[in-house]
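Colleague: Questions regarding the structure given below will be posed in turn.
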């Protein structure tokens with residue numbers, strides 16, 4: 001697995017960021033604190049990185065569980081959260097991954113299916 005961790009350095013910025021995240025990510029029923037590694041065999045670069053997890057433990061209308069590319073794309077195209085349309089998030093994620101040189105075929109296939117749904121409607 002891979003990802004990006006963001007550090008908030010000033011206390012007042014941390015409070016603003018956490019308040020924003022608690023609203024944006026409120027549908028997730030679990031929060032975990034994990035170690036973040038930059039190399040698989042090295043010591044953690046950062047410890048205590050907060051992340052939100054969606055699980056079937058909570059009645060969450062947005063949680064699909066195992067689903068096909070088409071089902072995921074359909075949900076993303078029709079969903080909108082406090083931060084805006086989910087399709088915007090998907091397409092920005094795709095663009096960022098490409099910019100980083102990361103080839104995440106799962107994300108790319110979902111974005112492609114979402115574009116097809118949008119153009120067909």
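Colleague: Considering 89, 63, which residue is part of a loop (DSSP other than H, G, I, E, B), within 14 Å of the chain's Cα centre (by Cα) and surrounded by 14 or more Cβ atoms within 10 Å (Cβ to Cβ)?
Modeller: Matching residue, one of 89, 63: 63.
Colleague: In the range 44-67, which residues are more than 20 Å from residue 34 (Cβ to Cβ) and touching a helix residue (DSSP H, G or I) at 6+ places or on another chain (Cβ under 9 Å)?
Modeller: Across the range 44-67, the qualifying residues are 62, 64, 67.
Colleague: Another question about this same structure. Checking the structure you have, find out if any residue of the range 11-20 is in contact (Cβ under 8 Å) with a residue 12 or more places away in the chain, farther than 23 Å from residue 112 by Cβ and outside the structural domain of residue 118 (by TED's automatic domain parsing).
Modeller: no
Colleague: Mind checking which residues of the range 112-121 are at pLDDT 90 or above and either surrounded by fewer than 13 Cβ atoms within 10 Å (Cβ to Cβ) or more than 30 Å from residue 19 (Cβ to Cβ) (or both)?
Modeller: 112, 113, 115, 116, 117, 118, 119, 120
Colleague: Against the conditions (1) modelled with pLDDT under 85; (2) in the same structural domain as residue 108 (by TED's automatic domain parsing); (3) surrounded by 14 or more Cβ atoms within 10 Å (Cβ to Cβ), where does residue 82 fall short? Just the number, please.
Modeller: Condition (3) is where residue 82 drops out.
Colleague: Let me ask something else about it. Can you confirm whether the range 30-40 contains a residue that is in contact (Cβ under 8 Å) with a residue 24 or more places away in the chain and either over 26 Å from residue 100 (Cα atoms) or assigned to a helix (DSSP H, G or I) (or both)?
Modeller: Within the range 30-40, one or more residues are in contact (Cβ under 8 Å) with a residue 24 or more places away in the chain and either over 26 Å from residue 100 (Cα atoms) or assigned to a helix (DSSP H, G or I) (or both).
Colleague: For residue 73, state whether it is in contact with a strand residue (DSSP E or B) (Cβ under 9 Å, 6 or more places away or on another chain) and either free of Cβ contacts under 8 Å to residues at least 40 places away in the same chain or not in a loop (DSSP other than H, G, I, E, B) (or both).
Modeller: Criteria not met by residue 73.
Colleague: So, in the range 23-34, of the ones that are surrounded by 12 or more Cβ atoms within 10 Å (Cβ to Cβ) and at pLDDT 85 or above, which residue ends up nearest to residue 7 (Cα to Cα)? Walk me through it before giving the result.
Modeller: Quick first cut of the range 23-34, residues surrounded by 12 or more Cβ atoms within 10 Å (Cβ to Cβ) only: 24-25, 27-29, 31, 34.
With the extra rule that they be at pLDDT 85 or above, the set shrinks to 31, 34.
Working: 31: 17, 34: 14 Å.
Out of the qualifying residues, it is 34.
Colleague: Of all residues in the range 40-49, which are within 17 Å of residue 6 (Cα to Cα) and surrounded by fewer than 12 Cβ atoms within 10 Å (Cβ to Cβ)?
Modeller: Correct list: 47, 48.
The values are calculated or read from the model by the stated rules, or taken from the named source; none is laboratory data. These figures come from a predicted structure and were not determined experimentally. Virtual Cβ from ideal backbone geometry, glycine too; neighbours counted across all protein chains shown.
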